Amino acid sequence: MKRIKYLFITAIALMVFATGTAKAEKDTGIDVAEIVFGHIEDSYEWHITDIGGKPLRIPLPVIVKSSTGWHVFSSARLENGAEYEGLYIASEGANAKKIVERDASGNEVLPLDISITKNVLALFINSAILLIVMLSCARWYKRHEVSKGAPKGGVGMIEATVLYIYEDVIKASVGAQYQRYAPYLLTAFFFILVNNLMGLLPFFPGGANVTGNIAITVVLALFTFVLTNVTGSKEYWKDIFWPEVPTWLKAPVPLMPLIEFIGVFTKPFTLAMRLFANLMAGHAGILSIVCVIFITAQLGAGICAPMSLIAVIFGIFLNALEVLVAFIQAYVFTLLSAIFIGMAHPKAEIEKK
C-alpha cells in the first residue's frame, strides 16, 4: 500500500511539473491544458493524428436549427473560425467551442443543435460493437447444444460475465423481482464497459471520452432514477414520506421525510458524478504524464531522458490501472443501480426472506 501511495504522489508531482513547465517554457509550443481538455471535451470533428504538421481530421455532420431554419452541412465549413450560413463556432465566452449565431442586437445565441459530434459518433460505433458481440454470442447458442459442452473463448468469457452480474449482483441486490430489471442492468453494465474500454484505445475509432462526459453519465443515471421511482412500491414511498422514526422527527417539522426525499435525487446524482469523475480523471492523468515527454524535450537530454523514462513507466501503469477502473466503474454503477431498485421494493424483499 505504501508503494502505491508513493506512486500516486509521484504521478501527481509529474502532472504539476508538466503543467508548470508548459506555462514557463513558451518556446515549446505545447499547451498541456489544450491537449488534455481538447481530448476530454466534445467536438464537431474527430482529430485522428498529425501528418507532416497537418492535422488528419474527420469532419462530422452539423445539424442545427437557427432563426433562419434548419441547416445541414459538414463541420469542415466552420474550420479556423470560418462562418457559414450565419453560423460559426464561438472561440470564447460562455458558448466557447459551440455553434452560435448572432441575433438582431449582435449577441451570440445558441441555435437548436443536434449535430453528430465526436461523442455521438463514438456512441454509435461503441453501440454497434456491443450489438455485434452480443449477437455473435446469441448465434453461437443457436448453433450449439449447451448440454454438449460449455462455450470457450470470447463466448465463454461473455457467458461467465453475464452469469456473475446476473446471479451475484442483480439477483442478490434487487430481490424477488430481479428478472424484471435484469435486461436493463445487464445492458447498462456492458454499455458502460464497452465505452470505458474503447475510450482507452489511442487510435480511431477509440479514444473518445464518452463515459467521461457528464451529459452521458447523467442520462444513464436518469434511467436508473426513473426505473427506481416509477416502479417503486407503496412501502417505498411510505418509508420516504412517513419513515419509521420517532414522531418528533417527522411532525410537526418533517425533518426525516425531507432528508429521505432529498435522498431520492442524491442517489442518481452520485451515480452520474462517480462515473464521470473517475473516467475523466483517468484520461486527464494519462495525457498529462505523456505531455511531460514533449515538454522536457526542449530542456536538454539530461532532463528529457530520465523524465521521459519515468513518464513512460507511469503512462503504462496508469493505462493498466484504467483497464481495471473500466471494469470497476461498470460494476459499481450496475451494483448501485440494483441496490437502489431493490430498496424501492422493500415488501418484495421481505417476502423473499
Query raised in the report: For Cα extents along the principal axes in Å, which listed value, (i) 132, 58, 27; (ii) 60, 52, 47; (iii) 70, 60, 53, comes from the coordinates shown?
Result: (iii)
Report summary line: Carbon plus sulfur, as percent of the 1.4 Å-probe accessible area of segment 101-258, comes to 69
Report summary line: Between Ala320 and Ile259, the two model label points (7 Å from Cα along the beta-carbon direction) sit apart by a distance in nm of 4.4
**Report entry** Linear extension gain, Ala297 paired with Lys234, 0.36 nm per residue minus alpha-carbon span
**Finding:** 16.2 nm
Query raised in the report: So what are the radius of gyration and Dmax for the Cα set of segment 52-131, in Å?
Result: 14.4, 49
Query - Probe 1.4 Å, accessible area per residue of segment 142-217, Å² - result: 51
Query raised in the report: In nm, what is the difference between 0.36 nm times the number of residues separating Leu309 and Thr266 and their Cα-Cα distance?
Result: 11.2 nm
Requested in this report: For Glu41, enumerate residues with amide H under 5 Å from its amide H, sequence gap 5+ or separate chain, H modeled in the peptide plane.
Outcome: none
**Report entry** Contour minus Cα-Cα distance for Tyr141 and Leu222 (0.36 nm per residue)
**Finding:** 25.8 nm
Query raised in the report: Residues with beta-carbon under 13 Å from that of Lys250, excluding Lys250: net charge, scoring Lys, Arg +1 and Asp, Glu -1?
Result: -2
Query raised in the report: Relative contact order for the chain: what is it in percent, counting Cα pairs under 8 Å that are at least 6 residues apart?
Result: 21
Report summary line: For segment 134-282, shape from the Cα gyration tensor axes a ≥ b ≥ c, cut at a/c of 1.5 then a/b versus b/c, turns out oblate
Report task. Quick one: among Phe269, Phe261, Phe327, which has the greatest mean-square fluctuation in a GNM of the chain with alpha-carbon springs under 10 angstrom? Result -> Phe261
Report task. Work out the length of the dipole vector of segment 66-181 about its Cα centre, built from +1 on the beta-carbon of each Lys and Arg and -1 on the beta-carbon of each Asp and Glu, and round it to the nearest 20 debye. Result -> 860
Query raised in the report: Given a Förster distance of 25 angstrom, what is the FRET efficiency for Ile116 paired with Arg274, based on the Cβ-Cβ distance and rounded to 0.05?
Result: 0.35
Report summary line: For the chain, the helices passing both cut-offs (Cα extent along own axis of 30 Å or more, Kyte-Doolittle mean at least -1.0, full DSSP H runs) are 2-24, 118-143, 178-200, 255-296, 301-343
Requested in this report: Quick one: among Glu92, Glu322, Glu159, which has the greatest mean-square fluctuation in a GNM of the chain with alpha-carbon springs under 10 angstrom?
Outcome: Glu92
Query raised in the report: Of Asn319, Asn229, Asn80, which has the largest mean-square fluctuation in a 10 Å C-alpha GNM of the chain?
Result: Asn80
Requested in this report: Obtain the nm distance between the two label points defined at Ser105 and Ile339 by a simple spin-label model: each point lies 7 Å from its Cα along the Cα-to-C-beta direction.
Outcome: 4.9
Query raised in the report: With labels modelled as points extended 7 Å from the Cα through the Cβ direction, what inter-label distance (nm, one decimal) is found for Leu249 paired with Asn95?
Result: 5.1
Report task. Do me a favour and compute the ellipsoid semi-axes for segment 146-234 from its Cα gyration tensor, root of five times each eigenvalue, largest one first, whole Å. Result -> 26, 24, 7
Requested in this report: Quick one: which residues, 5+ away or cross-chain, put their amide H under 5 Å from the amide H of Val62? H built at 1.01 Å from N.
Outcome: Phe73, Ser74, Ser75
Report summary line: The summed charge of the Val155 Cβ neighbourhood (under 13 Å; Lys/Arg +1, Asp/Glu -1) stands at +3
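Net charge near Glu83, counting Lys/Arg +1 and Asp/Glu -1 over other residues with Cβ under 13 Å of its Cβ?
-2
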Query raised in the report: Per residue of the chain, what 222 nm ellipticity follows from adding -39500 (n - 2.57) for every DSSP H run with n ≥ 4, rounded to the nearest 500?
Result: -20500 deg cm²/dmol
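The values are calculated or read from the model by the stated rules, or taken from the named source; none is laboratory data. This structure is a prediction, so every number in the text was calculated from the model and none was measured. Please note: Cβ atoms are built from the backbone with ideal geometry, for glycine as well, and neighbour counts cover all protein chains shown. These area figures cover heavy atoms from the full protein model, side chains too; ligands, DNA and RNA do not enter into them. Shrake-Rupley method; radii C 1.70, N 1.55, O 1.52, S 1.80 Å.
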